[in-house]
Amino acid sequence: MTDAADVREPAPAGEGSAAIDVVGVHRRFKETVALDGVSFRVDPGKIHALLGPNGAGKTTLIRVMTGLVQPDAGEVRLMGVTLSGVTSRDVRRLFGYVPSGDRTFYLRISATENLAFFARLYGMSRRQALVRSAEVLEAVELASAAKLPVGVFSHGMQKRLSLARALLLSPPVLFVDEATHDLDPEASARARSLVADAARGGAAVVWATQRVDEIRGFADRVTLIDRGVVRFEGTVPELMGTSGARRFLLHIARRSGVAPLVGRVTDLLGSSANVLPVGDEGDEGEHILLVLEGDMALGDAIAAISNDGIKVVACREERSEIEQAFLKLTGAG
């Protein structure tokens, strides 16, 4: 593995400079355009979600940002360093990387031995490598499994081990590719918590995912790409603002029938909502789909319905605003 220089002499990243700067990145594989002029930046201490469906180009973009794939055009700067050519050890120390797959460890040796091996590649002494390995295993709640061979680890444990490896050097940049894919909700929440801790410590994070609702309350900004093209870049609330109509399933206490109910609610809400019947009438009541338009708040709509003597038993959002925006921007909804 070479340590040849791979940078064009950068100016040091000053205050206010981006930790990650992606500028006009293009990448083609034969006839397939994987990335088509992708640009965004991530500041220190911020989590930037890279959102998109399968095949959108997320993993290719992360591989470009980590120096594993060279772009056909455009450039990536990490902490002011422009990646160019083979990635040197000095540049690799700038970032941690959690890949989407699990086949990146030696399965016959222990978690500690795996992490110590990678730490030694970064230049740590054996003692430093063992101490730091123990620290990150504790952080990801794998200390009790430190001496077990990785081959006996579950899928979720290997994901946490990948995150531990990425945190070995407390890097200023962290790339996480589909960290919660196939994880249960508790394990997913733990992974996000660990990444959020790294961001609070000053790391700039790129979190690639297709799970739209996990970025709410987690990511500071989001870039949505589809078929290699940026469809949206901005804050999560701004993404939600592109969703258009909001759809809610209302369970109404049994009345005289769905058709009169739909007519009455339509009269109450006027042009601010579209009211549709759902399923068959049942002994437990009726269900209607409430599609809110414009600025009408759900609370105001339910208040208007309740004030007319119509008892709302339950209300469920049919699709979250983030999911609706995702489907709208990718042409899938």
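The values are calculated or read from the model by the stated rules, or taken from the named source; none is laboratory data. Everything quoted here is computed from the prediction, not taken from an experiment. Note that each Cβ is placed from the backbone with ideal geometry, even for glycine, and that neighbours are counted across all protein chains shown.
Structure summary
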{"item": "So E135, is it acidic (D, E) and within 25 Å of V205 (Cβ to Cβ)", "result": "yes"}
{"item": "Among the candidates L161, L148, L169, L142, residue that is crowded, with 19+ Cβ neighbours inside 10 Å, over 18 Å from R93 (Cβ atoms) and more than 22 Å from the chain's Cα centre (by Cα)", "result": "L142"}
{"item": "Strands (runs of 3 or more DSSP E) (entirely within the range 47-139) containing at least 2 residues that are farther than 30 Å from G331 by Cβ and among the aliphatic types (A, V, I, L, M)", "result": "81-83"}
{"item": "Any chance A203 is exposed (fewer than 14 other Cβ atoms within 10 Å of the Cβ), in contact with a strand residue (DSSP E or B) (Cβ under 9 Å, 6 or more places away or on another chain) and among the aliphatic types (A, V, I, L, M)", "result": "no"}
{"item": "Flag for G202 being on the phi > 0 side of the Ramachandran plot and in the same structural domain as A166 (by TED's automatic domain parsing)", "result": "yes"}
{"item": "Positions within the range 232-268 being charged (D, E, K, R), buried (at least 16 other Cβ atoms within 10 Å of the Cβ) and more than 16 Å from the chain's Cα centre (by Cα), in sequence order", "result": "R246, R247, R264"}
{"item": "Checklist (1) touching a residue at least 60 places away in the same chain (Cβ under 8 Å); (2) in contact with an Asp or Glu (Cβ under 6 Å, 6 or more places away or on another chain) applied to L168, failing item", "result": "(2)"}
{"item": "Any chance V176 is closer than 23 Å to D43 by Cα and assigned by TED's automatic domain parsing to the domain that holds T104", "result": "yes"}
{"item": "Wholly enclosed strands (runs of 3 or more DSSP E) of the range 143-238 bearing at least 1 residues at pLDDT 90 or above and small (G, A, S)", "result": "204-209, 229-234"}
{"item": "So R93, is it touching a Leu at 6+ places or on another chain (Cβ under 9 Å), within 19 Å of A203 (Cα to Cα) and surrounded by fewer than 18 Cβ atoms within 10 Å (Cβ to Cβ)", "result": "yes"}
{"item": "Qualifying residue in the range 256-263 (condition: over 26 Å from T235 (Cβ atoms), touching a helix residue (DSSP H, G or I) at 6+ places or on another chain (Cβ under 8 Å) and either assigned to a loop (DSSP other than H, G, I, E, B) or modelled with pLDDT under 75 (or both))", "result": "no"}
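Table: residues versus (1) aliphatic (A, V, I, L, M); (2) out of contact with any strand residue (DSSP E or B) (no Cβ under 8 Å at 6 or more places or on another chain); (3) more than 18 Å from P99 (Cα to Cα).
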site	(1), (2), (3)
S170	no, yes, no
A196	yes, no, no
D220	no, no, yes
P237	no, yes, yes
T242	no, no, yes
L250	yes, no, yes
A253	yes, no, yes
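Conditions tested, residue by residue: (1) farther than 20 Å from V206 by Cβ; (2) touching a residue at least 40 places away in the same chain (Cβ under 8 Å); (3) surrounded by fewer than 20 Cβ atoms within 10 Å (Cβ to Cβ); (4) outside the structural domain of D197 (by TED's automatic domain parsing).
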{"residue": "V69", "(1), (2), (3), (4)": "no, yes, yes, no"}
{"residue": "E75", "(1), (2), (3), (4)": "no, yes, yes, no"}
{"residue": "R89", "(1), (2), (3), (4)": "yes, yes, yes, no"}
{"residue": "V98", "(1), (2), (3), (4)": "no, yes, no, no"}
{"residue": "A119", "(1), (2), (3), (4)": "yes, yes, no, no"}
{"residue": "G156", "(1), (2), (3), (4)": "yes, no, yes, no"}
